[in-house]
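Student: Structure incoming, see below.
The values are calculated or read from the model by the stated rules, or taken from the named source; none is laboratory data. Computed from a prediction, not measured in an experiment: that's the story for all the values here. Note: ideal-geometry Cβ built from the backbone for every residue, glycine included; neighbour counts use all protein chains shown.
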Amino acid sequence: MMGTTHALTGAFLGATVAVVAPEFAVVGVVAAVAGSVVPDLDIYRGHRQTLHYPVYGWLVAAPAVALGVAVPRAWTVALATFLAAAALHAAMDVYGGGLELRPWEAGSEQAVYSHYHGHWLAPRRAIPYDGSPHDLALAGALAVLPTATLPDPVPGLAVAALGVSAGYVVLRKRLATLWSSLARALPEPVAPYVPERFYD
């Protein structure tokens with residue numbers, strides 16, 4: 001799924017915390033958005049493997065959430081929302097497309113690596129690929145709660161994220177061709193640092 005969809009998932013999670021405990025609105029939103037985007041820091045090296053934990057993520061997040069509920073403090077809420085958002089990110093990617101440059105072709109059976117199982121989990125393709133109209137619809141749905149309930153600047157940022165998402169959806173298939181062309185044009189010393197899927 002798109003990075004913006006993940007970020008809006010974090011905003012949605014943070015808004016949920018804000019509805020239940022308004023005093024933790026800011027820390028909940030900031031931590032949840034951070035947790036929702038951090039897993040994709042592995043995008044150029046070991047993507048959906050190095051920082052994605054679809055099973056272990058929940059095993060770590062669950063006690064943190066329990067602690068946040070039992071002892072509600074700014075740091076416990078931040079820890080809980082960060083870890084829950086990161087675990088949710090990995091779980092969501094399982095329901096997307098495969099790890100390939102053109103996931104609409106459905107040629108890859110690798111969605112997210114499960115360290116618990118010791119192998120790649122197959123894509124469920126409920127959201128066929130990142131940048132699909134389905135992905136945009138999900139992002140739009142996730143933006144409703146934070147836009148309606150959180151103070152500025154969150155509503156404006158959510159709308160901006162949707163604008164970026166819409167532009168990405170329009171350009172997604174063309175970008176795949178562009179990325180492939182750019183990867184092939186890179187100098188040889190740089191090539192080992194480019195993910196193999198960019199050469200498809």
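Student: Counting only residues that are among the polar types (S, T, N, Q) and part of a helix (DSSP H, G or I), how many does the stretch 117-142 have?
Tutor: 0
Student: Same structure, new question: Confirm whether A31 is in a helix (DSSP H, G or I), under 12 Å from the mean Cα position of the chain (by Cα) and not hydroxyl-bearing (S, T, Y).
Tutor: no
Student: Can you pull out the residues in the stretch 185-200 that are closer than 25 Å to E109 by Cβ and of a type in the set (D, E, K, R)?
Tutor: If the condition is that a residue be closer than 25 Å to E109 by Cβ and of a type in the set (D, E, K, R), then E196, R197, D200 are the ones that fit.
Student: Can you tell me which residues in the stretch 154-189 are surrounded by 11 or more Cβ atoms within 10 Å (Cβ to Cβ), more than 18 Å from the chain's Cα centre (by Cα) and of a type in the set (K, R)?
Tutor: Answer for the stretch 154-189, where residues must be surrounded by 11 or more Cβ atoms within 10 Å (Cβ to Cβ), more than 18 Å from the chain's Cα centre (by Cα) and of a type in the set (K, R): K173, R184.
Student: Please determine, by comparing only the residues of the stretch 143-153 that are of a type in the set (A, V, I, L, M, F, W, C) and within 19 Å of the chain's Cα centre (by Cα), which one is surrounded by the most Cβ atoms within 10 Å (Cβ to Cβ).
Tutor: A143
Student: Next up: Kindly provide the set of residues from the stretch 174-195 that are part of a helix (DSSP H, G or I) and modelled with pLDDT of 85 or more, ordered by number.
Tutor: R174, L175, A176, T177, L178, W179, S180, S181, L182, A183, R184, A185 - these are the residues of the stretch 174-195 that are part of a helix (DSSP H, G or I) and modelled with pLDDT of 85 or more.
Student: Are any residues in the stretch 31-48 crowded, with 16+ Cβ neighbours inside 10 Å and among the β-branched types (V, I, T), and if so, which ones?
Tutor: V33, V37, V38
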